[in-house]
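Trainee: My questions all concern the structure below.
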């Protein structure tokens, strides 16, 4: 090993130490996280409402937002060997689940809530409409996607970058667009 590789080795060890300390800190706050993987600099006010499987990679600036933390039914569950890219957002009022071996690219947003649009009420007084978001196993969601309330994405499916998913996607299909539509079978 030459002298030029020592700084890179020191930086790698420092990153590993920071990851280990971050995992311990969030575990103390109630985050359920299994062994292995990487936990970046996340934003999570209610870690006891988040479960992360083994060998996951959660990059920096991922937001886990639970607006109603005292509801017993709302939580975010991430399976094993899942990749969550930088700056993704999980806005959870009911349940968001990501299946094993799935990949979610950077800047993707999951929102399991919407609002009614009754003309007799001001927009900020409208009732909430919620619906679980369930992502199957072996799913790839491209960068900058929006996945909305009540959506299920089937096992082995792919969602193209920049898509808005507002309806269920069956197993092993490729969808893309605004709103997302069927492209072809995988």
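No value in this document is a laboratory result; all are computed from the given coordinates. These figures come from a predicted structure and were not determined experimentally. Cβ coordinates were reconstructed from backbone atoms using ideal geometry, including for glycine residues, and neighbour counts include every protein chain displayed.
Trainee: How far, in degrees from 0 to 90, does helix 5-28 lean away from the longest principal axis of the Cα atoms of the chain, to the nearest 10?
Mentor: 50 degrees
Trainee: Sort the following peptides by mean Cβ neighbour count (other Cβ atoms within 10 Å, averaged over residues), highest first: 52-58, 173-179.
Mentor: Descending packing order for the listed peptides: 52-58, 173-179.
Trainee: Same structure again: Once a ≥ b ≥ c are taken as the square roots of the eigenvalues of the Cα gyration tensor of the range 5-185, is the result rounded (a/c under 1.5), prolate (a/b larger than b/c) or oblate (a/b not larger than b/c)?
Mentor: Oblate.
Trainee: How far, in nm, would the chain grow between residue 57 and residue 72 when pulled straight, counting 0.36 nm per residue and subtracting the alpha carbon separation?
Mentor: 2.7 nm
Trainee: Starting from 0.36 nm per residue, how many nanometres of slack lie between residue 161 and residue 86 once their C-alpha separation is accounted for?
Mentor: 25.6 nm
Trainee: Oh, and also: Quick check on the range 4-106: take the gyration tensor over C-alpha atoms, sort the square-rooted eigenvalues as a ≥ b ≥ c, and tell me if it's rounded (a/c under 1.5), prolate or oblate.
Mentor: It comes out prolate by the Cα gyration axes.
Trainee: Let me ask something additional. On the principal axes of its Cα set, how long, how wide and how thick is the range 50-140? Give whole Å, largest value first.
Mentor: Extents along the principal axes, in whole Å: 49, 26, 21.
Trainee: May I ask you to compute the full-extension gain from residue 129 to residue 172, defined as 0.36 nm times their residue separation minus their alpha-carbon distance, rounded to one decimal in nm?
Mentor: Length gained, residue 129 through residue 172: 12.6 nm.
Trainee: So, one more: Return 83, 110 ranked ascending by Cβ neighbour count within 10 Å, so the fewest neighbours appear first.
Mentor: With the sparsest Cβ surroundings first, the list reads 83, 110.
Trainee: Let me ask another. Could you work out the helix-only [θ] at 222 nm for the chain, with each DSSP H run of four or more residues adding -39,500 (n - 2.57) and the total divided by the number of residues, to the nearest 500 deg cm²/dmol?
Mentor: For the chain, the value works out to -4500 deg cm²/dmol.
Trainee: Now for a different question. Between the range 168-183 and the range 58-109, how far is it from one alpha carbon centroid to the other, in angstrom?
Mentor: The range 168-183 and the range 58-109 have Cα centres separated by 20 Å.
Trainee: Mind giving me the nanometre distance, one decimal, between the label points for residue 97 and residue 116, set 7 Å out from Cα along Cα→Cβ?
Mentor: Between residue 97 and residue 116, the simple spin-label model gives 2.8 nm.
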